[in-house]
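Note sheet for the following structure.
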Amino acid sequence: MTVKPIRLFGDPVLRMTARPVTTFDAELRTLVKDLTETMQAAPGAGLAAPQLGVSLRVFTYFVDGELGHLINPDLTLTEEEQDGPEGCLSLPGLTYDCRRAYGVVARGVNMWGDPVTVEGTQRLARCIQHETDHLDGIIFVDRLDPEQRAEAMRAIREAEWAGEPAPQVRISPHGTSGRAL
C-alpha cells in the first residue's frame, strides 16, 4: 500500500459514474488500503476510488475517530437537513457551506464482501453523502446554490492547481473489461 496522487477537479474520471465492485480479491483489498493511507496522509475525512483514478464504487472514511470503508453503498437519508462547511481533496483549499441530509443509513459491503451498515449524523452523514456523490460523478460544488457555485468556479479557475494537465486514467482490474469507466 502506498500514498497515491489525488485527482484534481477537471479530471474526467471524477465525472464518471463508478462501476459496482463484483470481484473481492487481493487487488481490491490493496485499493482499500491505498485509499485509507492516502486519505490519512492528505489528511482528509474521506476518499473515493475515482479520486485515485479508479472508477469503482469504493470509499474510505475517518470521522470522529471512526475509520472504515464501504463498497457499493446504498443510502437512506433523513428528511431533516443540515448546512455546514464542506471541502474536497480534489479541490484543495476550497470550502463552502453545503446542504446535506442530517442523517444517513448506508448499506454496502466491506472488502471481503461481507454486509456492512454504517449509520451516522452530522459530520459522518455529510462525509458518506460526499463520498457516495463521488461514485456518481458528482462533486460537492454541484450541490451549491447558483451564487455559491459561481463563486466556487471562480476560485477553482484562480487556484494554483487549476489547469494542470489531467493525469492518465488508471485502468482498473476489477470487472471493467479493461476500461476505467
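With bins 5 Å wide beginning at 0, the percent of Cα pairs of the chain falling in each bin runs 1, 9, 17, 22, 22, 15, 9, 4, 1, 0. Of the GluC sites (Glu not before Pro) found in the stretch 1-84, the ones in coil according to DSSP and having at most 14 other Cβ atoms within 10 Å of their Cβ are 79, 80.
Solvent exposure of the chain, expressed per residue, is 49 Å² of accessible area, with all protein chains present and a 1.4 angstrom probe.
How large a share of the accessible area of the stretch 5-72, in percent, is made up of carbon and sulfur atoms when the probe is 1.4 Å and the other protein chains stay in place? Here carbon and sulfur together make up 54 percent of the probe-accessible area.
In a reduced charge model with +1 at each Lys and Arg Cβ and -1 at each Asp and Glu Cβ, the chain shows a dipole moment near 660 debye about its Cα centre.
Taking the convex hull of the alpha carbon positions in the stretch 56-125 and averaging its projected area over all directions gives 5.2 nm². Computed from backbone phi, the HN-Hα couplings of the stretch 18-28 come to 6, 7, x, 7, 10, 10, 10, 10, 4, 5, 5 Hz, rounded to whole numbers (Karplus: 6.51 cos²θ - 1.76 cosθ + 1.60, θ = phi - 60°; Gly and Pro given as x).
The values are calculated or read from the model by the stated rules, or taken from the named source; none is laboratory data. Keep in mind the model is a prediction, meaning the values are calculated, not measured. Please note: Cβ atoms are built from the backbone with ideal geometry, for glycine as well, and neighbour counts cover all protein chains shown. In case anyone asks, the SASA skips ligands and DNA or RNA and just uses the protein heavy atoms, side chains included. Shrake-Rupley method; radii C 1.70, N 1.55, O 1.52, S 1.80 Å.
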